[in-house]
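Q: Here it is, the structure, as structure tokens.
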Amino acid sequence: MTRTFTLSLVMLAALGGCVRIGTKPPGTYLTLTPDAAPTAGAASSGTLGEATVVLEPAAAASISVLRVPVQIDASNVAYIRGAQWVERPSRAFQHLLADTLRARGKGLVVETDRATTGTRIGGQLLAMGFDAPTRSAVVRFDAMKWQPDGRIETRRFESTVRGIDPEPGEIGPALNQAANKVAGEIADWVAPQ
């Protein structure tokens, strides 16, 4: 019995090199961190109807995944090897935009998808990846602002960081920089200084 058990362990160890459960994890996980975030202890209060509500944006199909897209040309997309997002890029951008608005101290800012009578900010994240022909990180967002009085405004925001290589160590910081610029411009549009 001991010999059978030992033989089973040896065979299991030999098979361990041949069988992989799951996929190999990427070398880098990307996230967005705000340049301007609320300070510790900062607080605001109010009702949902008085709040600025940041909705999770819709996203283009190429960025509705955790992989980082590379726009090779007008009709071809690939993905960066060795890097992926910690969470959906649209969700990460929602958090970044909400933190940027909170840092401006313009009242209560919440992240929810519930209907409300307050000001709502949403839209569609069109690009958050690498453009190969220009060697650029690109973030493009079509924003929508719903006012409490029913009026709707739209505006396109875009930021590009040029001269980078399609490597996780360069793309991550460049996308973070571009996303923060877009979030800052949206915050200026939502709550002018």
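Since every read-out is calculated from the coordinates, none of them should be taken as a lab result. All values derive from a computational prediction rather than experimental measurement. When we count neighbours, we look across all protein chains shown, and the Cβ atoms used for this are built from the backbone with ideal geometry, even at glycine.
Q: Label points 7 Å out from Cα along the Cβ direction at THR39 and GLU111: separation in nm?
A: 2.3 nm
Q: Could you work out how far apart the two model spin labels at ASP73 and GLU153 are, taking each label as a point 7 Å from the Cα in the direction of the beta carbon, and quote it in nm?
A: Each label point lies 7 Å from its Cα, and together they span 4.1 nm.
Q: Another question about this same structure. May I ask you to order 57-69, 117-129 by the average number of other C-beta atoms within 10 Å around their residues, highest value first?
A: Peptide ranking by packing, descending: 117-129, 57-69.
Q: What does the convex hull of the Cα atoms of the stretch 60-193 come to per residue, in Å³, rounded to a whole number?
A: Once divided by residue count, the hull of the stretch 60-193 is 114 Å³.
Q: Once the piece of chain linking THR160 and THR28 is laid out straight, how much longer is it, given 0.36 nm per residue of separation minus the C-alpha distance between them?
A: That works out to 45.4 nm of additional length.
Q: Oh, and also: Calculate, in nm to one decimal, what LEU66 and GLU167 gain on full extension: separation in residues at 0.36 nm each, minus their alpha carbon distance.
A: 34.8 nm
Q: Here's a follow-up. Quote to one decimal, in nm, the extra length available between ASP142 and GLU87 on full extension: 0.36 nm per residue of separation minus the C-alpha distance between them.
A: 17.8 nm
Q: Still on this structure, please answer the following. So how far, in whole Å, is the C-alpha centre of the stretch 153-168 from the one of the stretch 73-117?
A: 14 Å
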